[in-house]
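Worksheet: one structure, shown below.
Since every read-out is calculated from the coordinates, none of them should be taken as a lab result. Every value quoted in this text rests on a predicted model; they were computed, and no experiment measured them. Backbone-built Cβ (ideal geometry, glycine too); neighbour counts: all protein chains shown.
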Amino acid sequence: MSTRAQPAGTPPSPGAGTEQTEPDRAALSAGARQERRLGWLLCAPAVVVMIAVTAYPIGYAIYLSLQRYDLRFPGQAKFVGLSNYGAVLSSPFWWDAFWVTLFITVVSVVIELVLGMGLALVMHRTLFWRGVVRTSVLIPYGIVTVVAAFSWQYAWTPNLGYLAELLPSGEAPLTEQWPALWLIILAEVWKTTPFMALLLLAGLALVPEETLKAAMVDGATAWQRFTKVMLPLMKPAILVALLFRTLDAFRIFDNIYILTAGAHGTGSLSILGYDNLFTALNLGIGSAISVLIFICVGIIAFAFVKLFGAAAPGAEVKR
Amino acid sequence: MAAAGKTHAARWGVMNVVVVLYALFPVWWIAALSFKDPTTLTDGDYIPRDWTLENYRGIFDTSEFTRALINSIGIALISTVIAVALGTMAAYAVARLRFPGKRVLIGMSLLIAMFPPISLVSPLFNIERIIGIFDTWVGLIIPYMTFSLPLAIYTLSAFFREIPWDLEKAAKVDGATPAQAFRMVIVPLAAPGVFTTAILVFIFCWNDFLFAISLTSTESARTVPAAIAFFTGSSQFQQPTGSIAAAAVVITIPIIVFVLFFQRRIVAGLTSGAVKG
């Protein structure tokens with residue numbers, strides 16, 4: 001596996017990110033060799049931990065997903081090939097959860113991008129209270145998602161919440177699919193827009209004041225300055241923020257678990273995986289779902305990197 | 001001109017108020033709930049009419065909450081210390097040293113940052129059951145540490161690039177080995193960045209819910225976010241609303257303190273890690 005760190009002292013395998021060419025390597029100075037050794041030594045613990053806790057379990061998940069493995073009947077475990085995948089992919093539960101997840105992801109990320117840009121501009125440009133504004137914006141980012149979700153749940157609970165009172169009496173929005181989905185999106189947007197806004201704020205800092213002034217002198221309107229000058233310069237930051245938030249939204253769990261527990265057609269893929277594992281205790285099916293979610297996330301990440309190439313975070317680390 | 005300036009300022013003022021209200025209102029609402037006594041819980045007031053600490057007394061009366069609070073603090077602190085220690089070493093190497101495999105390391109940690117945790121829940125559940133760390137502190141510390149490592153590596157390597165490294169060279173000229181130069185010159189300079197990263201990692205561990213409900217089954221390792229999801233009222237006819245609100249406020253306090261005191265640093269940590277890679 002090429003992601004494994006080289007043990008200190010061994011020559012690097014060809015192609016594993018080697019920066020030296022063949023003749024150079026023979027002539028490595030003592031200092032450079034020492035630097036390499038130290039580099040590997042320092043990275044080794046982090047690499048070992050990351051491989052042990054992610055690569056190994058995902059491999060194990062693939063293995064489990066090929067078994068019939070139900071914790072209620074442990075004696076009946078046996079190899080069943082791809083039939084768990086067949087069972088999951090032909091089940092309406094998977095597809096319902098898939099579309100729900102996709103819907104929540106797309107809608108919340110779009111809203112977050114627009115709102116986050118607004119927030120970032122306010123934080124960047126505000127004339128006073130800058131500290132207060134930034135501090136308040138950080139609170140939703142830091143607050144425990146479960147706490148925020150309870151706050152929203154109570155707000156929409158009839159007879160208890162301030163928001164439920166705005167509705168005609170007898171309405172319980174969390175018990176109907178579409179209203180509940182929108183409320184889940186609302187909770188998600190509230191909680192994660194600050195993160196988006198902060199990443200965009202960092203992007204705004206990349207836009208030189210002089211360029212904006214020059215555009216102003218040339219007679220560009222505020223909107224033109226925003227779309228023609230700021231957005232192109234901010235593109236890398238926007239794409240990073242979009243990628244991170246999309247993948248994060250796709251694994252949505254906490255908000256749904258608290259707000260509806262996945263009832264009334266609001267379960268996401270993560271909720272589906274959790275239910276299969278902990279309610280049905282079916283490790284085989286649960287693992288197949290885990291692997292499929294992993295593949296979905298991989299496809300999203302790949303699409304981002306492929307579509308936007310150079311803007312992918314990995315590429316930016318180049319020095 | 002002065003009038004235009006005034007409307008301009010007023011417009012910013014209104015916008016700022018909107019932003020602050022948007023960010024804080026849900027937090028205020030649950031805090032207000034926690035101070036209401038059960039009879040006025042449903043009055044819909046934004047400010048409790050009669051303030052009471054009854055809900056707080058209630059949650060600290062039983063071991064369910066206090067135990068969870070101890071678990072949360074212990075698990076988050078230990079995970080943070082380990083993740084930051086390993087992350088610091090790796091980030092130093094990434095920011096400073098030239099060695100093959102660096103690109104792969106960065107790519108790998110990026111991959112882990114994007115990993116869907118639910119994909120690890122079923123294998124980890126089984127592995128932890130088999131090796132006997134299911135429902136223990138270690139069982140939660142290991143995944144927390146792993147998932148916060150990429151965050152630590154990114155933020156720290158961004159901080160490390162800002163450090164005046166000539167000082168290290170000077171130390172080396174004076175005869176220090178790279179390891180000595182690292183320990184005696186760079187570590188003190190890097191401390192603020194390390195501290196900021198620690199706060200971010202702590203917030204991350206403090207927040208987790210999925211691992212906390214999947215990899216625990218009893219009070220022995222369940223953290224507060226998981227525990228409040230399982231709260232029940234003191235009688236079966238009573239909703240645990242007040243207790244949940246009080247517990248929610250208690251676990252929100254550390255975050256509010258961090259944000260109030262380290263706002264500038266947290267913003268710097270989040271944004272530098274994100275944009276500069």
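Numbers for the structure displayed
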{"item": "Length-normalised contact order for the range A:122-212 - Cα pairs under 8 Å, 6+ apart - percent", "result": "29 percent"}
{"item": "Burial ordering of B:Ser220, B:Ser122, B:Ser243, fewest other beta-carbon atoms within 10 Å first", "result": "B:Ser220, B:Ser243, B:Ser122"}
{"item": "Theoretical ellipticity at 222 nm over chain B - DSSP helices of four or more residues, -39500 (n - 2.57) apiece, nearest 500", "result": "-25500 deg cm²/dmol"}
{"item": "Net charge, A:Thr135 excluded, C-beta distance under 13 Å - Lys, Arg +1, Asp, Glu -1", "result": "+4"}
{"item": "Extension gain (nm, one decimal) between B:Arg98 and B:Phe25, 0.36 nm per residue minus Cα-Cα", "result": "21.4 nm"}
{"item": "Extension gain from A:Tyr56 to A:Glu176, taking 0.36 nm per residue of separation minus the Cα-Cα distance", "result": "39.2 nm"}
{"item": "Calculated on alpha-carbon atoms, Rg and Dmax of the protein assembly as shown in Å", "result": "25.3, 84"}
{"item": "Unit charges on C-beta of K, R, D, E only; dipole of chain A, Debye", "result": "840 debye"}
{"item": "Cβ-derived FRET efficiency at R0 35 Å, B:Thr177 paired with A:Phe302, nearest 0.05", "result": "0.25"}
{"item": "Residues in the range B:68-94 that a label on B:Val257 would reach, taking backbone N under 20 Å of a point 7 Å out along Cα→Cβ", "result": "B:68-82"}
{"item": "Of the DSSP H helices in chain B, those whose Cα atoms cover at least 24 Å axially and whose Kyte score averages -1.0 or more", "result": "B:2-34, B:63-96, B:137-162, B:187-207, B:241-275"}
{"item": "Listed residues A:Val106, A:Val217, A:Val291, most fluctuating in chain A (Gaussian network, C-alpha, under 10 Å)", "result": "A:Val217"}
{"item": "Other-chain or far-sequence residues with amide H under 5 Å of A:Arg68's (modelled H)", "result": "A:Lys78, A:Phe79, A:Val80"}
{"item": "Check: the protein assembly as shown dipole with +1 on Lys, Arg Cβ and -1 on Asp, Glu Cβ, in debye", "result": "1960 debye"}
{"item": "Cβ charges +1 (Lys, Arg) and -1 (Asp, Glu), total dipole of the range A:180-273, debye", "result": "100 debye"}
{"item": "Of B:Ile70, B:Ile130, B:Ile213, the one that fluctuates the most in a GNM where chain B has Cα springs shorter than 10 Å", "result": "B:Ile130"}
{"item": "Lys/Arg +1, Asp/Glu -1 at C-beta; the range A:207-301 dipole; positive extreme among A:Met234, A:Thr211, A:His264", "result": "A:Thr211"}
{"item": "Estimated distance in nm for a label pair at B:Arg11 and A:Gln224, the labels positioned 7 Å out from Cα along Cα-to-Cβ", "result": "1.8 nm"}
{"item": "Residue-averaged [θ]222 nm for chain A, counting only DSSP H segments that reach four residues, each worth -39500 (n - 2.57)", "result": "-21000 deg cm²/dmol"}
{"item": "Charge sum, other residues only, whose C-beta stays under 11 Å from A:Gly286's C-beta, Lys/Arg counted +1 and Asp/Glu -1", "result": "-2"}
{"item": "Label-point separation, B:Thr62 to B:Ile47 (7 Å along Cα→Cβ), nm", "result": "3.3 nm"}
{"item": "Tensor-based shape of the range B:81-157 (alpha-carbon gyration tensor, a/c under 1.5 rounded, otherwise prolate or oblate)", "result": "prolate"}
{"item": "Prolate/oblate/rounded call for the range A:132-260, Cα gyration tensor, a/c under 1.5 rounded", "result": "prolate"}
{"item": "Dimensions (Å) - the range B:153-277, Cα atoms, principal axes, largest first", "result": "74, 29, 22"}
{"item": "Sum of side-chain charges, A:Gln76 neighbourhood, beta-carbon under 13 Å (Lys, Arg +1; Asp, Glu -1)", "result": "+2"}
{"item": "GNM flexibility winner over chain A from A:Leu167, A:Leu113, A:Leu247 (Cα, springs under 10 Å)", "result": "A:Leu167"}
{"item": "Cα-derived Rg over Rh, computed across chain A with Rh taken as Kirkwood radius", "result": "1.05"}
{"item": "Whole-Å distance, taken between Cα centres, linking the range A:49-69 and the range A:229-257", "result": "28 Å"}
{"item": "Stretch gain in nm, segment A:Arg37-A:His124, where the contour uses 0.36 nm per residue and the Cα spacing is subtracted", "result": "27.0 nm"}
{"item": "Options B:Leu151, B:His8, B:Pro178, ranked by Cα towards positive dipole end of chain B, top entry (Cβ charges)", "result": "B:Pro178"}
